[in-house]
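Comments concern the structure below.
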Amino acid sequence: MTAKAYNAGVLGTGFYLPEKILTNADLEKIVDTSDEWITERTGIKERRIADDGVPMSHLAIKAAEMALEDAGVKPEELDLIIVATLTSDRIIPSTACILQDRLGATHAAAFDLSAACSGFVYAATVAAQFITNGAYKKALVIGAETLSKYINWEDRNTCVLFGDGAGAAVLGRVDDGYGILSFDLGSDGSGGDAIQIPSSGSLAPVSKETIDKRLNLIYMNGKEVFKFAVKAMGKTVVNSLEKIDMPQEQIDWLVPHQANIRIIQSAAKRLSMPMDKVIVNIHKYGNMSAACVPIALAEAAHEKRFKKGDVIALSGFGAGLTWASCILRWSKED
Ligand code: UT7
């Protein structure tokens with residue numbers, strides 16, 4: 001196909017969070033921790049937890065429906081659905097296919113994408129390529145997780161950090177000068193062991209023995225990831241800016257992955273951005289992996305914090321290790 005130069009931007013956003021709230025005080029009753037430690041070291045005060053029996057797709061559909069309504073796009077207009085997640089309903093089929101059916105997106109190709117906490121920015125960038133080259137007109141991109149189902153509730157190093165939620169964006173053609181202006185995607189698989197679910201695939205299939213050893217749950221070397229993250233999250237935005245010769249001062253908003261307030265603050269410092277220009281919701285929701293960036297984007301959009309023409313940097317990092325950013329000029333009217 002001949003490459004055509006269309007601009008891909010956000011037509012609408014949506015988000016959904018389960019109602020059940022788990023506070024730091026609740027966690028004090030489960031593991032040896034304190035509200036003071038969690039707040040000071042992470043910035044998290046509470047997180048949302050999906051009920052037993054509620055799969056990730058349930059959250060994703062609600063976020064998707066809100067994004068479609070916000071965009072004024074009907075499901076049958078969608079050409080593509082990508083779900084970024086590490087907690088799909090099942091290994092097969094993909095959750096994107098479940099959504100395709102439930103939404104009635106009768107003309108959409110659908111697949112899941114695995115890039116952990118960088119997943120939504122990876123997925124949005126992939127979807128944007130189809131739109132910019134003219135192959136597709138409308139894509140639904142979702143970041144959704146039910147991490148609570150993979151938490152070791154006896155491990156205070158991890159159980160205080162994670163939560164459940166879903167965020168979505170409908171991407172489509174926008175006017176010249178708007179939409180995704182540049183992106184930076186990267187990976188360093190040599191750090192792959194730092195965040196993993198050891199028994200979750202063909203390397204070590206889930207068995208009674210692996211379950212007894214809690215190897216089917218999230219393991220993280222927090223310190224190692226922290227060191228990587230403080231460098232990666234700001235640097236990837238700088239890389240995206242350099243590709244379009246845009247000075248840092250032109251960024252109006254930073255929408256970062258919400259893993260730790262100290263990591264977010266260091267990225268803001270690297271980009272010389274005051275914290276009131278950084279979208280932060282970690283205190284309410286914790287780390288929801290691929291869902292963090294789209295929920296922060298959607299929540300801020302629905303609070304009318306962005307105006308047409310604002311430059312927004314999305315930035316994520318996570319397991320893989322991976323990192324991803326993109327620079328977006330907001331095209332929606334207030
Ligand atoms: O989105 C995926 C990417 N993930 C991340 O970005 C996470 C990055 N890492 C982090 O955010 C931080 O490393 C953590 C929040 C996970 C940990 O914070 P830290 O400041 O690096 O703490 P630490 O691991 O160095 O632990 C310090 C102390 C240890 O005790 P000792 O050995 O000094 O006696 C831990 O055992 O804090 C202890 N600790 C806790 N204490 C109370 C660890 N977790 C807890 C806890 N409550 N929940």
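The values are calculated or read from the model by the stated rules, or taken from the named source; none is laboratory data. The model shown is predicted, which means the values in this text are computed figures rather than measured ones. Cβ placement follows ideal geometry from the backbone for every residue including glycine, while neighbour counts extend to all protein chains displayed. Only protein heavy atoms, including side chains, enter the accessible area calculation; ligands, DNA and RNA are left aside. Shrake-Rupley method; radii C 1.70, N 1.55, O 1.52, S 1.80 Å.
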- Query: Once the piece of chain linking Glu69 and Glu19 is laid out straight, how much longer is it, given 0.36 nm per residue of separation minus the C-alpha distance between them?
  - Reply: 15.9 nm
- Item | DSSP-assigned coil residues among trypsin sites (Lys or Arg not before Pro) in region 1-85, each with at most 10 further Cβ atoms within 10 Å | Lys4, Lys29
- Item | Projected label distance in nm at Glu76 and Asp52, using a 7 Å step from Cα toward the beta-carbon | 4.1
- Evaluate E = 1/(1 + (r/R0)^6) for Lys243 and Asp175, where r is the Cβ-Cβ distance and R0 equals 25 Å; express this FRET efficiency to the nearest 0.05. 0.75
- Message: I'd like the Karplus ³J(HN,Hα) series for region 272-285: coefficients 6.51, -1.76, 1.60, θ = phi - 60°, whole numbers in Hz, and an x wherever there's a Gly or Pro.
- Response: 6, 10, x, 5, 6, 9, 10, 7, 10, 9, 4, 4, 8, 10
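Could you calculate the FRET efficiency of Leu203 with Thr106 from 1/(1 + (r/R0)^6), where r is the beta carbon distance between them and R0 is 45 Å, rounded to 0.05?
0.75
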- Using modelled backbone amide H atoms (1.01 Å from N, in-plane), which distant-in-sequence or interchain residues come within less than 5 Å of Thr146's amide H? Thr87
- Query: Rolling a 1.4 angstrom probe over the protein heavy atoms, how many square angstrom per residue are accessible across the chain?
  - Reply: 43
- Please work out the Cα center distance from region 1-74 to region 90-112, rounded to the nearest Å. 19
- Expected 222 nm ellipticity per residue - DSSP helices of 4 or more, -39500 (n - 2.57), all of the chain, to 500: -9500 deg cm²/dmol
- Per the 1/(1 + (r/R0)^6) rule, R0 = 51 Å and r from the Cβ atoms of Lys308 and Asn221, FRET efficiency to 0.05 is 0.75
- Inter-probe distance in nm under a simple model that places probes 7 Å from Cα toward Cβ, at Ile211 and Asn157: 2.4
- Calculate the translational D of region 1-94 in whole µm² s⁻¹ from Stokes-Einstein, where the hydrodynamic radius comes from the Kirkwood formula applied to all Cα pairs, the temperature is 25 °C and the viscosity 0.890 mPa s. 146
- Neighbour cut-off at most 12 other Cβ (10 Å), DSSP loop, GluC sites (Glu not before Pro), region 286-334: Glu303, Glu333
- Answer in debye to the nearest 20: the dipole magnitude of the chain about its Cα centre, from +1 Lys/Arg and -1 Asp/Glu charges placed on Cβ, is 460
- Antiparallel DSSP beta bridges within the chain, percent to nearest 5: 70
- Message: With a cap of 13 neighbouring Cβ atoms within 10 Å, and only residues DSSP puts in a loop, list the GluC sites (Glu not before Pro) found in region 1-76.
- Response: Glu19
